[in-house]
Amino acid sequence: MAFWLHNSGLMLREFRQAFRALRRVPSLTVVSIVTVALGVGAGTSLFSVVKAVLLNPLPYPEPERLAWIAEWNDDGFARPVAYPNFRDWDAQNRTFTAMGAFGTDSVNTGGDLPQRTFVAEITPGFFETLGVQPVLGRLLLPEEQVEGAPLRVILGYGLWQRAYGGDRKIIGRALRISGFPVTVAGVMPRGFAYPPKTEIWLSVTAIGNATRSRTAHNFWVIGRLRPGVTMAQAQADLGPIMHRLYLEHPDPFMSKDVQVTSLQQHTVGKVRPALLVLFGAVGFLLLIVCVNVANLLLVRVMARARELAVRRALGAGQSRLLRQMLAESMVLALAGGVGGVLLALWSMDLLRALLPAEVPRAGDIRIDSGVLLFSLAITAAAGVLFGLLPAWRAAHTNMNASLKGGSRTYTGNRQAHRTQAALVVSEVCLSLVLLAGAALLGNSFLRLRSVNPGFRSDHVLSAELTFASTGDDQEGPRLRAEYASLLAQVRAIPGVQAAGTTDSPPLGGSSDGHFNVQGRKLPDAADAGYIVISSGYLRALRVPMISGRDFRDTDTASSQGVAIVSAEMARRYWPGRSPLGDRLQFDSMYAKDAPWLTVVGVAADIRQDGLTEPPQPQAYVCYSQANRLTQPVLMVRTPLNPASLAGAVRAAINGVDHEIVAEFRTMDAAMAESTARQRFQMQVLGGFAVLALLLAAVGLYGVLAYLVTAGRSEIGIRMALGAQPALVFRMVTGRALRLAGIGALLGLVGCVAMRQIVASLLFGVDASDPLTLAVATAALLAVAFAASAFPALRAMRTDPVSALRDE
């Protein structure tokens with residue numbers, strides 16, 4: 001106890017002396033604390049994202065046993081599962097305790113204030129697989145999950161509170177969801193929403209025919225592994241089952257294999273590489289911070305060389321000086337760490353606003369105890385890193401040389417100067433790596449934004465519509481009549497140039513379907529996107545017709561069936577000839593007796609699957625002739641600000657049916673959302689690069705400013721012997737540019753070495769693009785010159801007489 005008290009007393013004394021010492025140099029103290037705060041703040045903010053998204057386990061019991069299972073097609077891509085295949089997997093596997101499948105859709109809650117939300121059609125093992133129970137009521141019973149049974153649903157906690165006021169008597173209450181009569185069986189706990197955004201769960205048997213076909217890939221599958229079973233063992237178990245099913249049910253669209261991965265990996269798979277690269281960039285930034293502060297402290301140690309030598313002469317040992325200098329470093333680090341946490345707390349709202357919508361579990365991002373521990377760890381590590389070299393230098397000061405050198409002119413030995421130069425070079429090197437990465441991402445983002453999507457997004461208002469459903473035989477004719485009435489009313493609004501509907505808006509993907517061409521033999525795997533649109537849709541998006549005609553209002557259920565194909569579909573399946581007049585049939589969308597449709601037009605390609613994906617074959621079917629109608633998206637073109645039409649369009653929607661729910665946004669906003677991930681990467685890494693440039697400039701300026709001050713007499717002698725001010729200016733800036741040039745060369749080597757890491761985030765740009773690297777290098781050298789210009793200007797104004805008199 002006495003030993004602990006003694007050492008605690010020594011530590012407190014060292015910290016008190018450190019406070020007094022740092023108060024005597026307020027400018028260095030403030031710069032150091034701000035520098036550390038910026039680095040720790042950036043690290044803390046991004047770690048809060050990494051922890052919530054990548055590190056925190058999924059909020060289910062034993063989440064490491066949860067698996068994501070998908071069919072694996074011949075092209076090497078995972079795709080949804082056909083329901084009969086899932087049933088066979090569930091019955092024949094030996095590695096899972098439970099399996100569940102689900103499909104997703106949007107629905108209308110109905111009532112006086114109808115709301116659009118998302119529903120999951122689930123199999124009996126879904127909730128058992130996840131290991132969750134309702135907070136109110138019960139799960140669906142087996143007898144309630146057979147075809148023809150009365151529909152019972154489970155509500156999400158948020159929907160229960162928002163739409164039904166948290167009424168605990170909701171259990172057993174009859175509701176209408178998208179027109180279907182349902183009874184509430186239970187309410188899930190707060191925060192549970194799987195699949196993401198889902199607020200209603202009902203039996204998969206509600207969707208009927210989609211559960212019978214082995215080529216209707218409509219479901220995703222999750223499973224809970226038996227204790228001790230690995231993902232690889234589950235893969236080895238399900239693979240032969242799938243291959244046997246393929247042999248028993250041969251079909252061009254029957255998969256041959258499955259893919260089993262952890263549910264955690266699947267959930268974060270798309271954003272994991274980008275987050276890890278950005279987190280690695282934080283490491284670079286923290287290293288730059290440490291180098292910067294170490295250089296500033298080293299300059300101060302050299303300025304205090306005589307003071308330290310006197311203390312050594314009076315009996316202070318090396319360990320005592322080492323402890324005191326480390327104490328000063330830790331004070332700076334802790335003050336900067338506190339500032340960094342405050343910066344991170346302040347930036348949380350901004351960070352969430354910048355995050356793309358595709359980042360999972362974004363609602364869990366917060367500064368919690370784990371993030372604070374990480375912040376404390378990097379603060380302590382930074383304090384040791386940037387304090388160790390100056391402390392060692394202070395403890396090993398050459399006492400005789402310092403005392404002989406004089407108080408004004410001693411600038412340290414050559415080894416100290418080389419150490420400073422090495423720190424500046426390393427700081428420039430790290431800064432260039434960050435700057436080049438940011439420049440590459442910026443170039444990539446600009447190229448992505450310059451991609452022609454195949455349509456015009458400006459002046460287009462989009463409305464996702466959710467109609468009420470009846471589920472009877474008259475639903476199709478009723479919906480077609482409502483679509484037609486809605487389009488007529490919207491087109492009559494002043495300022496509307498064109499309006500149309502689609503079931504698959506651009507950049508959002510589409511359903512693929514196998515098709516035949518009458519009188520021709522196509523490859524067995526011939527398929528194309530199947531998109532249901534109305535007349536006016538292509539005009540609203542300014543999609544050019546290459547040949548033939550667009551759909552017309554006269555294309556009705558009683559007229560000849562027609563279709564429009566995309567240019568890519570025409571090139572792939574009608575090479576060297578026109579498809580106009582040929583008849584095609586999407587048999588996989590319905591049955592073998594699906595209707596034949598005559599191709600009446602060829603439309604320009606749209607990047608339906610996103611800007612980063614090349615155009616794929618697409619076929620458009622008129623909604624008035626489609627057997628399958630899903631919830632449409634309304635597109636309205638206007639020369640006005642599209643958002644200004646939302647009120648008039650909503651009034652037109654209410655005039656057709658007040659239960660139709662509409663969610664509005666502009667197509668420009670949809671375009672921006674499609675590039676949100678790339679924009680986030682560019683903004684974050686760009687911010688780090690700006691900070692790195694600033695820190696490199698501060699570090700270089702600090703070193704040169706000290707050298708100019710300490711070498712004032714040498715400069716005075718040179719000028720007294722005839723050196724011109726311009727020569728002195730070139731001497732100082734030349735030293736800075738030499739150091740920056742060496743650092744830039746090393747940084748370029750680092751950029752080339754790390755090109756494979758960055759390549760996965762780029763679009764249309766090589767990770768070693770010479771022009772981008774050259775621009776980044778030039779920008780860094782320009783900053784280095786600007787940082788050296790101020791000390792150089794002060795040096796060239798040195799008065800030789802006063803400098804020599806001081807000496």
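Couple of notes before you dig in:
- For the stretch 132-235, accessible area per residue (1.4 Å probe, heavy atoms of protein chains only), Å²: 48 Å²
- For the pair Arg226 and Val146, the difference between a 0.36 nm per residue extended length and the Cα-Cα distance amounts to 26.1 nm.
- For the stretch 54-100, the list of trypsin sites (Lys or Arg not before Pro) that fall in a loop by DSSP and count at most 12 other C-beta atoms within 10 angstrom reads Arg94.
- Pair Asn641, His249: separation of 7 Å Cα→Cβ label points (nm): 5.4 nm
- DSSP beta bridge pairing in the chain, given as percent antiparallel to the nearest 5: 80 percent
- Of the peptides 757-770, 356-369, the ranking by mean beta-carbon count within 10 Å, highest at the top, reads 757-770, 356-369.
- Cβ-Cβ FRET estimate between Thr556 and Asp587, R0 fixed at 25 Å, reported to 0.05: 0.60
- Candidates per chymotrypsin sites (Phe, Trp or Tyr not before Pro) in the stretch 27-89, loop by DSSP, up to 12 other Cβ within 10 Å: Phe77
- Charge tally in the Cβ shell below 11 Å around Ala52, where Lys, Arg are +1 and Asp, Glu are -1, Ala52 excluded: +2
- Accessible surface area normalised per residue over the stretch 580-664 is 37 Å², counting heavy atoms of protein chains with a 1.4 Å rolling probe.
- For the stretch 560-623, trypsin sites (Lys or Arg not before Pro) meeting the loop criterion (DSSP other than H, G, I, E, B) and having at most 11 other Cβ atoms within 10 Å: Arg577, Lys592.
- Relative contact order (%) - the chain, alpha-carbon pairs under 8 angstrom, separation at least six: 17 percent
- C-alpha long axis of helix 475-491 to longest principal axis of the chain, angle in °: 60 degrees
- Surface share of carbon and sulfur [accessible, 1.4 angstrom probe, percent] for the chain: 59 percent
- Taking amide H atoms as placed 1.01 Å from N in the peptide plane, the amide H of Val532 lies under 5 Å from those of Asp503, Ser504, Val621, each 5 or more residues away in sequence or on another chain.
- The length gained on full extension between Arg366 and Asp74, counted as 0.36 nm times the residue separation minus their Cα-Cα distance, comes to 100.9 nm.
- Summed residue charge, Cβ within 11 Å of Gly239's Cβ, Lys/Arg positive, Asp/Glu negative: 0
- Legend: residues Leu461, Leu376, sorted from most to least accessible area (1.4 Å probe; ligands, DNA and RNA excluded), read Leu376, Leu461.
- Helices in the chain, meaning DSSP H runs of at least 4 residues, each add -39500 (n - 2.57). Divided by all residues, the mean residue ellipticity at 222 nm is -16500 deg cm²/dmol.
- Theoretical FRET efficiency, 1/(1+(r/R0)^6), r = Cβ-Cβ of Gln92 and Trp346, R0 45 Å, to 0.05: 0.20
- Rounded if a/c under 1.5, otherwise prolate or oblate - the stretch 592-676, Cα gyration tensor axes: oblate
- Packing-based ranking, highest mean first, of 429-439, 644-654, 675-685 given that Cβ atoms within 10 Å are counted: 429-439, 675-685, 644-654
- Degrees between helix 414-449 axis and first principal axis of the chain (Cα, 0 to 90, nearest 10): 20 degrees
- Probe 1.4 Å - accessible area at Trp392, Å² to nearest ten: 110 Å²
The values are calculated or read from the model by the stated rules, or taken from the named source; none is laboratory data. Bear in mind that the values here come from a model prediction, so they are computed numbers and not experimental data. When we count neighbours, we look across all protein chains shown, and the Cβ atoms used for this are built from the backbone with ideal geometry, even at glycine. For accessibility, only protein heavy atoms count, side chains too; no ligands or nucleic acids. Shrake-Rupley method; radii C 1.70, N 1.55, O 1.52, S 1.80 Å.
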